[in-house]
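Take a look at the structure below.
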Amino acid sequence: MKAKEIRFEENNLEPIKPILAGFPISVFYTSFRSDTYHCINWHWHEGFQYCLVTEGSVDFLLPNTRYRVKTGDGIFINTQQVHFSKGSTDDPSAYLCLDIPPSFLYPDERSRIYEKYIKPVVRNPRPPVLLLSDHTPKGHELIRRIQNIQTLLKEEPEYMELSIYDQILHMWRMTFHLLSEVNPLPETTYDTNDRLKQILQYMQDHYAEKITLEDIARHLSVSGSECCRFFKKATGQSIFSYLKSLRVNKSMALLQGTNMSLSEIAVATGFCNQSYYTDCFRKIKNITPRKYRELTLRNPSNVLPHDIHQE
């Protein structure tokens, strides 16, 4: 399965680029197609995300949970929730995503707005998601406002930023109300999210080193067998399959942006030797690292594989 590469910041959050300088919300469009990629691998973000499926159907996975969202419907993903999105392998699918940092909604942490309407969610982000159905009044209203923001950005009317801000405040009022209506999920749901974040963070921090199962398990204070079982159950992937994909993705920037030899890149990204690195790269990307480097040097703007990896 081909997947879009997620580039993490130092704190392992997905970096989200604002649409306008000094206006920190982001709106982006993700399209899953056979000639691009089918999924976006496990990650999380600080902002609240509203996703509207615009074509086909998209599966949004959280630890041990899957939500299928069809065209015209949406999903709200709470802050700090580890998730994975996947399109159909047969038909094109796409979604529009609005990312809103919590800080966009309040002037400072001493404000009444923060204390009453933001802090309760940021400190205790439950539930992790809300499904937004176009067939329910509040779901329809939230979807309509996502579409309104998209229209404002395209048309750029006078007072555009104030109009977008107004739309977002209305969205948060409805979202806050919906969150307060949902029965809390079992505590284990949130323990799973936090534990998975710890594992992903550890691999991001130490991918260049020799990592053993015992290292990861020790970091979580669990046994090796429990660590493997947990990761497989939560994500559907084996822990070392994920680690190999992570290392291959890290190597791609070095292939494209440095003059390091393949053996140097192999060592720098945690592979034991060049031969094993080349074999893993070819199996995951369907191309050798040497060929990938040649293609990027020849035409860096048109090379697809640097944006994808394959599970």
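FYI, it's all coordinate maths here, none of it is from the lab. Computed from a prediction, not measured in an experiment: that's the story for all the values here. Quick reminder, even Gly has a Cβ in these numbers, built from the backbone with ideal geometry, and neighbours come from all protein chains shown.
Just a few scattered comments:
- Dipole of the chain, positive direction: furthest Cα of Val182, Leu243, Thr296, with charges on the beta-carbon: Leu243
- In the range 106-193, trypsin sites (Lys or Arg not before Pro) in a DSSP loop with at most 13 other beta-carbon atoms within 10 Å: Arg110, Arg123
- Stretched out straight at 0.36 nm per residue, the stretch from Thr65 to Arg229 would grow longer than its current Cα-Cα span by 57.5 nm.
- Loop-located chymotrypsin sites (Phe, Trp or Tyr not before Pro) in the range 70-176, at most 12 other Cβ atoms within 10 Å (DSSP): Tyr159
- Our estimate of slack between Arg144 and Asn183, defined as 0.36 nm per intervening residue step minus the Cα-Cα distance, is 11.5 nm.
- Relative contact order for the chain, counting Cα pairs under 8 Å that sit 6 or more residues apart, in percent: 16 percent
- Of the DSSP H helices in the chain, those whose Cα atoms cover at least 15 Å axially and whose Kyte score averages 1.0 or more: none
- Calculated [222 nm] ellipticity per residue, helices only, for the chain: -13500 deg cm²/dmol; basis is -39500 (n - 2.57) per DSSP H run with n ≥ 4, divided by all residues, nearest 500.
- Answer label for Cα Rg over 2.2 N^0.38 Å (calculated), chosen among (1) 1.06; (2) 1.01; (3) 1.24: (1)
- Net charge of Cβ neighbours under 13 Å - reference Val53; Lys, Arg +1; Asp, Glu -1: -2
- In the range 83-133 the Cα-Cα distances spread across 10 Å bins starting at 0 as 18, 38, 26, 14, 5, 0 percent of all pairs.
- Loop trypsin sites (Lys or Arg not before Pro), the range 189-240, which have at most 15 other Cβ atoms in a 10 Å radius of their Cβ (DSSP): Lys210
- The stretch between Arg33 and Arg290 holds 89.9 nm of extra length on full extension. This uses 0.36 nm per residue minus the Cα-Cα distance.
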